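Please read the structure below before turning to the comments.
Derivation of every value follows stated rules applied to the coordinates shown; laboratory data play no part. Bear in mind the structure is a predicted one, so any value in this text is a computation, not a measurement. Virtual Cβ from ideal backbone geometry, glycine too; neighbours counted across all protein chains shown.
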Amino acid sequence: MKFTNNNLPDLGRRKAIRLVGMGAAVGMGALASGSSSLATPNMGNVSLADQVGSFFQDHYKRMSPEEIQEAIERLERKYKSKYQVEVKVGDPKPLPDVLFGYALNISKCQGYRECVKGCTAENNQSKDPNLEYIRVLEMDRGQMNLETADPYYPSTEEVPKPGKFYLPIQCHHCENPPCVKACPVKATWKEPDGIVVIDYNWCIGCRMCANACPYWARKFNWTEPNLPVDTVNTQTGYLSNRPREKGVMEKCTFCAQRSREGRMPACQEACPTGARVFGNLLDPDSEIRYVLENKNVFRLKEELNTEPKFWYYSD
Amino acid sequence: MNRWLLWMFLLCLPGPLWALDTEEIKSIPETAKVAHQYDDPLEAVARVPAFVTDSRIDQLIYYPCENCHTKGMVAPNDKVRTLELMHMEINLDHGKGRFWCTTCHDINQRNQLISLKKQRISFDQPYLLCGQCHFARQRDFFQGAHGKRKDNWFGPKKLTNCTECHDPHVPQIRARLPRKEPDPRLGLSIDNSDKHHRHQPWDQAKEEHKDEVHQ
Ligand code: SF4
Ligand code: SF4
């Protein structure tokens, strides 16, 4: 099955607004560079030129490579002033002939929540309030009742508990993603390698996507993300783990900054039980294909026809 | 009289079972393949995707074992006994009492492991040894459905060795404490006071609205 990315809407109105804005930007830019006595008024810690530049920044998919480069440099300057460390923002592109898929062995998962830890160490989520992409559900054995699933099982009791099994959920990178259909501004879309990404600069924070997602995968920054400097991961990607703002949506990106370079996602690396299998669905020799072809696999809420690229299996 | 009939009947019962025992079952057709154990344990890796593992020898505290065992300090002793001088920390809980050290450790060449068919196996390749019994797991390990691939999903494949996760003497994975639980949604809290019914954050909301009648 193949789903194409939805075409972008008619941009007539946006273009018009941008043109008007551009005039203003040129004026302000002249102001910023022209008179040295005024210097650049510091709005927050970001220069006026950068403020204006990011205000008029286009949608990721409509930016030329040069514009993307400028946007990245603006972001790097901003993070530098915010966190006092050099944060490198990369922009790895989807690899050809790659479609990412994930499988998780629920008979191996012990509920340690190590994947959650690995994920938050990698992906620059807010640490207070604690924003986590992976939710490990404690489930009663012999049933698949998500109503009684408990994500808050305490860290003071040993796991696995008798009579329970553990079902980690995160973004399933649906091949037919309802979140993408729900977004009114197309700030989220499915990339050719199957990763569903968000342009954090384009997101208006309406949270429609979170409503549409059947897997509770999307997490919203209700407050200014609190990311202590010593927890910043400085190797980031534009569409994945670069630090976010208040009022934008975020979620798992299969660690696009790692996986697009051939590395494993942080949760796979952190899992001490080897329950997580990640790989290329288009490669018939990959581990994930072996699992799909040889194990009893199932997908969560399959009846919704979202075609998740995240399977569970048991052995 | 009835009793005699019953006896007669019972004696006849096994008859049909013997009748089943025919030539058809006894003779194996020419084309059938007999399952065979590998003569060389390395045969198991010959037809699976190429992979490497990290060395285990570097991680072993007592290696090289020969330093004590074959260089004359300790005489080989195959007797099942309680160890009193060395290796007391090993609490062999594997194979339900059927194993002794020399089931897997070569008594003559102490730096090596040994298969049940007496082939030597390196400490770096415990998957060959474990696979003798755990053959289904071994296949899954080679193919990527058991154990774990390290570093990359693409390019040269490095697998986690069996003994990196399982203590071969006590292979079961133990229960332990999980990492910190997630924060509940803003404005809600988790109540862990009642062990039998853990109050979920949403119970609080239910409680607050319990008087509202929904029509
Ligand atoms: S799991 Fe949710 S957020 Fe992820 S692609 Fe599917 S609908 Fe979108
Ligand atoms: S919160 Fe952002 S990504 Fe989600 S629907 Fe709204 S604009 Fe789109």
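Loop-located GluC sites (Glu not before Pro) in region A:95-161 (DSSP state not H, G, I, E or B) with no more than 14 neighbouring Cβ atoms inside 10 Å: A:E147, A:E157, A:E158.
Look at B:K148, A:K161, A:K190 and count the other Cβ atoms within 10 Å of each Cβ; fewest to most, that gives A:K161, A:K190, B:K148.
Does region A:186-242 come out rounded, prolate or oblate, given a ≥ b ≥ c as the square roots of the eigenvalues of its C-alpha gyration tensor, rounded meaning a/c under 1.5 and, failing that, prolate meaning a/b above b/c? Oblate, since a/c reaches 1.5 and b/c is not below a/b. Within region B:97-116, name every residue whose backbone N is under 13 Å away from a label modeled 7 Å from Cα of B:K71 along the Cβ vector. Under 13 Å, as judged by backbone N against the label point of B:K71, lie B:111 of region B:97-116. Neighbour counts of other Cβ atoms within 10 Å put B:L177, A:L104 in the fewest-to-most order B:L177, A:L104. A simple count of charges around B:W153, restricted to other residues whose Cβ falls under 15 Å of its Cβ and scoring Lys, Arg +1 and Asp, Glu -1, yields +3.
With a ≥ b ≥ c the root eigenvalues of the C-alpha gyration tensor of region A:248-288, is it rounded (a/c under 1.5), prolate (a/b larger than b/c) or oblate? It comes out oblate by the Cα gyration axes. Using a Gaussian network model of chain A in which every pair of alpha carbons under 10 angstrom is joined by a spring, one finds that among A:V116, A:V248, A:V159 the greatest mean-square fluctuation is at A:V159. Which of rounded, prolate, oblate describes region A:103-184, given a ≥ b ≥ c as roots of the alpha-carbon gyration tensor eigenvalues and a/c under 1.5 marking rounded, otherwise prolate only if a/b is larger than b/c? Cα axes put region A:103-184 in the oblate bin. Roughly how many Å is it from the Cα centre of region B:91-149 to that of region A:165-216, as a whole number? Centre-to-centre distance over Cα atoms comes out at 45 Å. Counting beta carbons within 10 Å around each of B:T103, A:T236, A:T148 and listing the fewest first gives the order A:T148, B:T103, A:T236. Determine which residues of region A:202-221 fall in the zone a paramagnetic label at A:E307 would reach in this model, i.e. backbone nitrogen under 14 Å from the point 7 Å along Cα→Cβ. Answer for this model: none. Can you find, among B:F99, B:Q138, B:I114, the residue sitting farthest towards the positive end of the charge dipole of region B:41-164, where Lys and Arg contribute +1 and Asp and Glu -1 at Cβ? After comparing all options, I get B:Q138. Here the Kirkwood formula puts the hydrodynamic radius of chain A at 21.1 Å, using every distinct Cα pair.
Across every pair of non-identical alpha carbons in region B:41-164, the mean reciprocal distance, once inverted, gives a Kirkwood radius of 16.1 Å.
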